[in-house]
Each structure stands twice: as C-alpha cells, then as structure tokens.
C-alpha cells in the first residue's frame, strides 16, 4: 500500500504537489496520469525519498521510504532509464544495488534472465539501446521481489514484443497481490494494463477512480454513415426530437450520443435511411482523460481539442 | 505537519558493511578510478625523480656545492602535491560521477540513508588515498635516493614519508568527498578541490601554512616554516584534519537535506 496524506512540495513559488491525499492499493495496477508539469514525477520522487516534502507524508507499506532498512525488498522503482553509470556492466550495476540490501548474486542473475538481458549482462550499460536500458531498470525494480512497484514510463523505447512483455509482467505482479503504480503518457497502453487511475493537474488530485469510470465518463457515441445525404437532415431532426445529440463528422456521417446503436438503427429504418455503417464507439481512457483535464484545468494548447474526439 | 517527520532508519553495522560493499564494488567496476590512481602514482614518482635530478644537475654544472645534500622529503613533498591534482579526480569520482550520470538516484533508492552512502564512498576513496600515498610516497623516496646517490641526506625513509603521504591523501580524500557532495559538479569539484589541496600554496607562507596545500608540504617536505619546531607533523595533520572534517561535515549535512 502506498499512501500520501496532505503531501505538498514547493520549489520556491511553484507548488509542484499541492495538499495531495491519495492511496494506491494492492492487487491492481494503478495508472498515474497528468499533463506535463502536473506533478507526477515529483510525486514519485517524494514517495521514494529522493525529494523532501514541504509538508505532509508519503508512506510505502506504512513507513517513509527513508525509514526502510532494506527498501528494495519493500518497493522496487524504475524512475529514469539514465540512472546508471554507462561504464558499468549491467550485472555489476545490479550487484551494487543488491549488495546494499543484502540480496545475493543469484537473484541478480535471476532478474537478468527474467528481463531477457542474461546474454548481455557483462556488457557496459552505456552501449545498451533504450529498450535494453528500460529492461535493466525493470530488473533493478524487481531485485528485492518487492510487494510494491513504482514505474515511470517503463515502456518508452520498448519494441512491440517488449511492450507486451511489460504489460503481462505488470498484470501478473498485480494478480499476485502486489501494489503497482505506473506513470505513463501512453494512454492507450495504460487503458490496457491499468485497473485504476489517479489523475493529477497542477499538483492537485483530479480523479482517483477505476479506469472504466474515467474512460466511460462521457456517453458512448453511435456513428451513422449513409450515402443518402439528402435524407440526413430529416433523420437528424427526428433524432433530436427524441433527445439524441447529433454532431456532424463528415459528409454523410454523423455521431449520435444519448442512444444505443439498436435505437439509432431502428430510427433509420423508420425514416427509410439507407445505412452503409452503424457503429457504437465506447469511450477510451484518452477521451475521459482529455475531458477531465480540459474541463478541470484547461491545460490544452490553444486550438487543440481538449474534450475528446 | 512537517515532511519526513520520521527520519532515516538508524544506521547499523550490517547496513554500513553492506553499503561499503556496494560502494567498493562500484568503485572498481569502472576504469576511471584505477586510471586516476595509476596516473597519480606515476606523476608523483616521476616528478620526485625529476626534482632530484635537477638537484644533481645543479651540482654537475657548479650551481651547487659538490658536498651539498638534499633531504628526499624536499623532492617528494612537491611531487606528492602535484600528484594530488590527479588524485582529486579519483576522490571526487564516486560522488560526482553519480550526479553526472544520474545513477545517484539508483544509489539512494537502494540505500536512502545518505550519510551512510557518503561515509562508504569516503571510506573507499580514503582507503585508495592511503594506499596510493604509501606506495607512491615510498617509491618516490626510493627513486629520489637512487637519483641523488651520495647527495641524499639521511633524513626521510621510504616507510616514514610513505606513511605521511598516505595520511595526507586519505585526509585529502575526505575533504574532496565532502566538497563533491557540496558542489556535485565534476568540473567545479575538480577546480575547487585542486585549488584547496594544492594551488593555495601560491599564497604567502604565513597564510598557506594554514591551508591543506601548505600543511601537506610541511608534513612531507620537512620544512616546518611557521609551525612550532618539533611539532610540525602534528600541526600539519591537525590543519588537514580540521579542513577535511569541516568540509566533510558540511557536505554530509547538505546531502541529507537537499533533494537528490
């Protein structure tokens, strides 16, 4: 369990994290979201004792990180793929971390095998690709077989196979009852792997809810495509009389909210509207996130859509 | 409520031993520290031999009397001081390289008790300094005596001067490790470190006597200068200890209280 209570971090006049109270529970993958400058990285650094909070508390397993005697056995973290000496081999990098926590060399070899770096363990880390460096960072996080994991953008630079591997790994770790906190800008990927999301904006908590609740926060949309463009206005008027919201998407194509695909299909049939397409689109995490961030803090670039597609 | 109301877990001998093992392994798992030590040793010995050769050459060309002798310490002292300029690079590496590469975050994740981390790093470089000082100091005395031949004064044995050079470099290592924790930057630490441990010798004698550079020369060179006669070694060591302990304490305090 990871908990923050009234956590605040100021850098001069800038408030990076503002009176944040949130808990990250075990047995699920929790995604940490927010625009650039929202305070995600600062929050992770505060959790891991790298930065000192201005006020409030950040606890891992009920204790501040700095109070953990063998921290790698409690929480494994991968914050920055550059957090290693380029002249040191992957194995020696992990050995140094392991020694500080009383972890044996056998475990180092195990995690190298697990992340697929056993064959290059003796090579200097500076020669690794971004994907290999990510794998090495994940290996370091797994060294102590910890009950909690904190990962910042772990799939950046990984190939498709690597992304799938990380996805499976995180799901498996959560299924074992571990706490997994994952920060990522890849919302589609987070949608696939996370059960729960915590959304920050300007250092404040914007949402703390299941992924489904954020993704489905807006109405699902039914997309209608027809070659009978001339008949579309009458169909549109009928739909709006029934309380549906109709938006133009392109010539011969409209999006309808406030009704199921069956209801829209039935209405089209009643009006003799020939259909070439009738598809119900469910909300995505990206839709829900952009809607939330756009509505709550208006961080979007001028002219860019903030509220979904 | 003030952050981090529960401070770092108390350091235990086991934690200290593990951290030392970790830092020891890190220090020798890259090439730079070994290159710095070898470079410092070669520079010290060759400089000492060159200074001795200058003395002998002075006699050969009649600048000096044929009966004149040179205490080996007077050649070894400046040579060790020059070698210190390379040794500073070795002493700062465990701290500055980690800040430069970002690996300090991995280190603090594995061991959040930062004073323990700095103590372990300092122990490694102080040990390296002691070893370098003893070996290079003794080797320099042997080289100087070999070059001087009959012009070598009796005072200054390889063992005695080697031990003094070892103590000097160990104390310099403590100072530089503390300084690196204050400045973090490799270039800044090298510049300030070399200035404090060697270049302050350029100050007038009455001032440089109370700097690490001046104390180093008086410790090894044998000329007590402003120090009380008969107590030059003790006073020189005291000056070095005060400087090293002060800078180290400030560095350790900053390391603990600053964001990583």
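Worth pointing out:
- Flag if residue B:148 is touching a strand residue (DSSP E or B) at 6+ places or on another chain (Cβ under 9 Å) and crowded, with 21+ Cβ neighbours inside 10 Å: yes
- Among the residues of the stretch B:108-121, those that are touching a residue at least 12 places away in the same chain (Cβ under 8 Å), within 21 Å of residue A:92 (Cβ to Cβ) and at the interface with another protein chain (Cβ under 8 Å from one of its Cβ atoms) comprise B:108, B:110, B:111.
- Some residue of the stretch B:241-257 being closer than 16 Å to residue B:166 by Cα and without any contact (Cβ under 8 Å) to a residue 24 or more places away in the chain: no
- Screening A:68, A:44, A:32, A:94 for residues that are more than 26 Å from the chain's Cα centre (by Cα), surrounded by 18 or more Cβ atoms within 10 Å (Cβ to Cβ) and more than 9 Å from chain B (Cβ to nearest Cβ) leaves exactly one candidate, A:94.
- Residues of the stretch B:17-52 that turn out to be at the interface with another protein chain (Cβ under 10 Å from one of its Cβ atoms), surrounded by 15 or more Cβ atoms within 10 Å (Cβ to Cβ) and over 16 Å from residue A:96 (Cα atoms), as a count: 0
- Exactly one residue out of A:39, A:62, A:56 is at pLDDT below 95, surrounded by fewer than 23 Cβ atoms within 10 Å (Cβ to Cβ) and at positive phi, and it is A:62.
Okay, residues lined up against (1) surrounded by fewer than 24 Cβ atoms within 10 Å (Cβ to Cβ); (2) closer than 19 Å to residue B:258 by Cα:
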{"position": "B:63", "(1), (2)": "yes, no"}
{"position": "B:68", "(1), (2)": "yes, no"}
{"position": "B:76", "(1), (2)": "no, no"}
{"position": "B:83", "(1), (2)": "no, no"}
{"position": "B:86", "(1), (2)": "yes, no"}
{"position": "B:92", "(1), (2)": "no, yes"}
{"position": "B:111", "(1), (2)": "no, yes"}
{"position": "B:133", "(1), (2)": "no, no"}
{"position": "B:138", "(1), (2)": "yes, no"}
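- Filter result (without any contact (Cβ under 8 Å) to a residue 60 or more places away in the chain, at positive phi and surrounded by 14 or more Cβ atoms within 10 Å (Cβ to Cβ)) within the stretch B:190-237: B:225
- Residue pairs meeting the criteria (Cβ under 7 Å; at least 6 apart or on separate chains; first closer than 24 Å to residue B:42 by Cα, in the stretch B:86-102; second outside any helix (DSSP H, G or I) and at pLDDT below 95): B:97/A:85
- Members of the stretch A:31-49 that are in contact with a strand residue (DSSP E or B) (Cβ under 9 Å, 6 or more places away or on another chain) and part of a loop (DSSP other than H, G, I, E, B): A:34, A:35, A:37, A:38, A:39, A:48, A:49
- Residue match in the stretch B:163-170 (condition: more than 29 Å from residue B:242 (Cβ to Cβ) and more than 14 Å from chain A (Cβ to nearest Cβ)): no
- Meets criteria (touching a strand residue (DSSP E or B) at 6+ places or on another chain (Cβ under 7 Å), modelled with pLDDT of 95 or more, surrounded by fewer than 24 Cβ atoms within 10 Å (Cβ to Cβ) and more than 19 Å from residue A:207 (Cα to Cα)) for residue A:24: no
- In the set (1) within 8 Å of chain A (Cβ to nearest Cβ); (2) closer than 19 Å to residue B:176 by Cβ; (3) at pLDDT 95 or above, residue B:124 fails one condition alone, (1).
- Test: residue in the stretch A:170-184 that is over 30 Å from residue A:80 (Cβ atoms) and in a strand (DSSP E or B): no
- Residues satisfying the stated conditions in the stretch A:47-65, i.e. in contact with a helix residue (DSSP H, G or I) (Cβ under 9 Å, 6 or more places away or on another chain) and facing chain B (nearest Cβ under 7 Å): A:48, A:49, A:50, A:51, A:52, A:53, A:56, A:65
- Among the residues of the stretch A:1-19, those identified as within 13 Å of chain B (Cβ to nearest Cβ) and within 23 Å of residue A:147 (Cα to Cα) are A:4, A:5, A:7.
The values are calculated or read from the model by the stated rules, or taken from the named source; none is laboratory data. These numbers come from a predicted model, not from an experiment. Neighbour counts are summed over all protein chains in view; Cβ atoms, including those assigned to glycine, are modelled from backbone coordinates with ideal geometry.
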